[in-house]
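The values are calculated or read from the model by the stated rules, or taken from the named source; none is laboratory data. Not measured: the values here are computed from a predicted model. Cβ: placed from backbone, ideal geometry, glycine included. Neighbour counts: every protein chain shown.
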């Protein structure tokens, strides 16, 4: 089936504009690579100085070609690019590849990059680049890159799409173990962004895994669609996302806004679509190799064979820190291993099977690995040994893998604790045969975690978010139009209508109404200022707690009225429990994110919070809550009764529906604290900024007087709101 990017990535004819006979030049290497890759279409070189380049016919201009070409690769300096682009458009090309940086030493406004982008868009051209390294479509034998590369087998199971040219070549060109069907250096993405390349890769026959080296996302909706397509096809995506820059905290009013950075959106995106995130290029390459092997990962954990007690302990430590499950061996496996091991070696996983040597040593090691893989709790296996001198491997190690895999059918890997090489023919052959030989214990364990996490993602039940309250959605959409910062009772009412439990409260504008409200609610009560413009009440000493009678309430009210104005909120005192946080933050690329974590005045200090794309269900909220470092606090400590985590997760799921239904109305929403107690949960304070919110740096210190010297949001939050001893309502 034809793909929109066919003229770009699968063209029927190519001309290299700026082809050159100068060794090492982009114009020379571009033609040479197309010849090396055995490009089957019509190929031409364009340069008035030559009649051929690398055996390819060379003509002086596009006009001199015998027929129109579909794709032009520019191997030109930026000074010549605009004229070449106009000639290409006049020629009728459908796609171009631009590897130059699109920067001129002396330029004018708009700059060259912007002029080129506008021109190619107006002409309807597909463009790879600029400021990239081109692409390799190994499946169709198109090596459209102007830089030196290694020999490639072609048609492999891995696709690699990278914003960074070095991020592509640094993996593609240095390790012959990895076989690719597509590799793209997307560069500036003038027209075609990563999501479209990903869509193309997913449709290539044989794609088993896709790696992404990401700097940003230029088409969030397109990327989400491509990731959903990958899920439907069962093709895992491994992403290295660089640039973990947080939003400036002073621009956020709420806790959830202050804690949400650019990276929070990507974590939420990856969690929703099962994208496996890695932290460096070694981890990316290793994970790609592990996903590329064709053997499925079943239930269970990792079993590993060692020839060192110390290195076995290192594996145990690293696996624990990285969250890689190690299989607890079944009794039958323990008995079987006991008959193979020398005295003094415990039959446990990970297994140190180093013996006293002898002619049967390698046979014993092989039998031990086979026994480990046969355990019902073993999902994958590894031989974790050191390499021989000069990075070589002993052929017997590969025999261990082959025999254990043939017996069990399970994935198995040979891993060096440290030194390795991707150039050893035995390493390459074994990896390509589906028994990967990998370098570095940590990288392998990160890859194992990716395998397990993707397996678990595939096993998740479909999302079933709570139903949206139809009666509330339309009303609140209208009510929030240009509403700015909501008065707190309105914010609490909004959350309550979407099913989030909120504290009982009353609004009062005079002393007698406040006293009457307290009688209705029942003492003790909390009193909070409701003066317009005061977002963080504790900052202005606008909260009084545990007021036990009319006298205490009257004294507190009169103080507030004198300093802050007559408007107050009277609220029931919250029950004792664990202070949590729920919130919504609107990401500029991916829209609303829902935050859940541990709250109170220490929210920023703890930073124990996770974000998710809405909507989601209670099961998702439970899974996310399990990632929180302080999660055990909810189970009860030192004799305290466990909190009702289920009610908190249900509230989070309902808030995710609110976030979805009012996505274009809510900028930030903060429920902090949400008190989670043994019998439920209740939101105590609410802050909602709608789309027309005022400048968050401006607050009101006294009734009717504007104040612009408020500290940044993070500082305000750390000192404001209610503390564990001062739950305001």
- Is there any pair with a first residue in segment 55-73 that is within 16 Å of residue 35 (Cα to Cα) and a second that is surrounded by fewer than 16 Cβ atoms within 10 Å (Cβ to Cβ) and modelled with pLDDT of 95 or more whose Cβ atoms are under 7 Å apart and which are 6 or more apart or on different chains, and what are they? 55/35; 56/35; 58/51; 58/52
- Query: When the residues of segment 243-271 are filtered to those that are modelled with pLDDT of 55 or more and touching a strand residue (DSSP E or B) at 6+ places or on another chain (Cβ under 7 Å), which remaining residue is surrounded by the fewest Cβ atoms within 10 Å (Cβ to Cβ)?
  - Reply: 270
- Give segment 335-365 a look and list any residue that's under 39 Å from the mean Cα position of the chain (by Cα) and either more than 30 Å from residue 453 (Cβ to Cβ) or assigned to a loop (DSSP other than H, G, I, E, B) (or both), or say none. 347, 348, 349, 350, 353
- Message: For the structure I just gave you, tell me whether residue 461 is over 15 Å from residue 305 (Cα atoms) and either buried (at least 18 other Cβ atoms within 10 Å of the Cβ) or under 27 Å from the mean Cα position of the chain (by Cα) (or both).
- Response: yes
- Note on the structure: Scanning segment 129-146 residue by residue, the ones that are within 27 Å of residue 23 (Cα to Cα) and either in a helix (DSSP H, G or I) or out of contact with any helix residue (DSSP H, G or I) (no Cβ under 6 Å at 6 or more places or on another chain) (or both) total 11
- Task: Output the number of residues of segment 406-421 satisfying the condition of being surrounded by 14 or more Cβ atoms within 10 Å (Cβ to Cβ) and either without any contact (Cβ under 8 Å) to a residue 24 or more places away in the chain or closer than 14 Å to residue 290 by Cβ (or both).
- Result: 6
- Selection from segment 166-183 of residues that are outside any loop (DSSP other than H, G, I, E, B) and either more than 19 Å from residue 200 (Cα to Cα) or under 20 Å from the mean Cα position of the chain (by Cα) (or both): 166, 167, 168, 169, 170, 171
- Here the residues within segment 4-52 that are in a helix (DSSP H, G or I) and surrounded by fewer than 16 Cβ atoms within 10 Å (Cβ to Cβ) are 35, 36
- Query: What pairs can you find where one residue is in segment 1-13 and touching a residue at least 24 places away in the same chain (Cβ under 8 Å), the other is assigned to a loop (DSSP other than H, G, I, E, B) and surrounded by 18 or more Cβ atoms within 10 Å (Cβ to Cβ), and their Cβ atoms are less than 6 Å apart, with a gap of 6+ or different chains?
  - Reply: 7/70; 7/94; 10/140; 11/70; 12/70; 13/69; 13/70
- Message: Name the residue that is farthest from residue 213 (Cα to Cα), counting only residues in segment 147-165 that are in contact with a helix residue (DSSP H, G or I) (Cβ under 9 Å, 6 or more places away or on another chain) and outside any loop (DSSP other than H, G, I, E, B).
- Response: 158
- Query: So which residues in segment 304-347 are in contact (Cβ under 8 Å) with a residue 60 or more places away in the chain and closer than 16 Å to residue 377 by Cβ?
  - Reply: 304, 305, 319, 324, 325
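For residue 120, indicate whether it is assigned to a helix (DSSP H, G or I), in contact (Cβ under 8 Å) with a residue 40 or more places away in the chain, at negative phi and surrounded by 23 or more Cβ atoms within 10 Å (Cβ to Cβ).
No; evaluated as a whole, the condition is false for this residue.
Which residue is farthest from the chain's Cα centre (by Cα), if the candidates are limited to segment 481-513 and must be assigned to a strand (DSSP E or B), under 16 Å from residue 529 (Cβ atoms) and at pLDDT 95 or above?
Top of the filtered list is 508.
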- Message: Against the condition at pLDDT 95 or above and over 13 Å from residue 508 (Cα atoms), how does residue 553 come out, does it pass?
- Response: no
- Message: Can you tell me which residue is farthest from residue 516 (Cα to Cα) among those in segment 561-600 that are part of a loop (DSSP other than H, G, I, E, B) and within 28 Å of the chain's Cα centre (by Cα)?
- Response: 589
- Message: Among (1) modelled with pLDDT under 95; (2) on the phi > 0 side of the Ramachandran plot, there is one condition residue 565 misses while meeting the rest; what is its number?
- Response: (1)
- Note on the structure: Given (1) more than 14 Å from residue 143 (Cα to Cα); (2) out of contact with any strand residue (DSSP E or B) (no Cβ under 8 Å at 6 or more places or on another chain), residue 21 misses just (2)
- Take residue 350 and decide whether it is touching a residue at least 60 places away in the same chain (Cβ under 8 Å), touching a helix residue (DSSP H, G or I) at 6+ places or on another chain (Cβ under 9 Å) and in the same structural domain as residue 419 (by TED's automatic domain parsing). no
- Message: I need the full set of residues from segment 603-637 which are over 19 Å from residue 269 (Cα atoms) and without any contact (Cβ under 8 Å) to a residue 12 or more places away in the chain, in order please.
- Response: 631, 632, 635, 636, 637
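One line per residue, one yes/no per condition, for (1) outside any helix (DSSP H, G or I); (2) crowded, with 22+ Cβ neighbours inside 10 Å; (3) not assigned by TED's automatic domain parsing to the domain that holds residue 678:
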{"position": "615", "(1), (2), (3)": "yes, yes, no"}
{"position": "622", "(1), (2), (3)": "no, no, no"}
{"position": "638", "(1), (2), (3)": "yes, no, no"}
{"position": "642", "(1), (2), (3)": "yes, no, no"}
{"position": "647", "(1), (2), (3)": "no, no, no"}
{"position": "650", "(1), (2), (3)": "no, no, no"}
- Message: Any residue that is under 15 Å from residue 448 (Cβ atoms) and not assigned by TED's automatic domain parsing to the domain that holds residue 408 - is there at least one of those in segment 305-319?
- Response: no
- Would you check if residue 546 is closer than 30 Å to residue 632 by Cβ and either without any contact (Cβ under 8 Å) to a residue 24 or more places away in the chain or out of contact with any strand residue (DSSP E or B) (no Cβ under 8 Å at 6 or more places or on another chain) (or both)? no
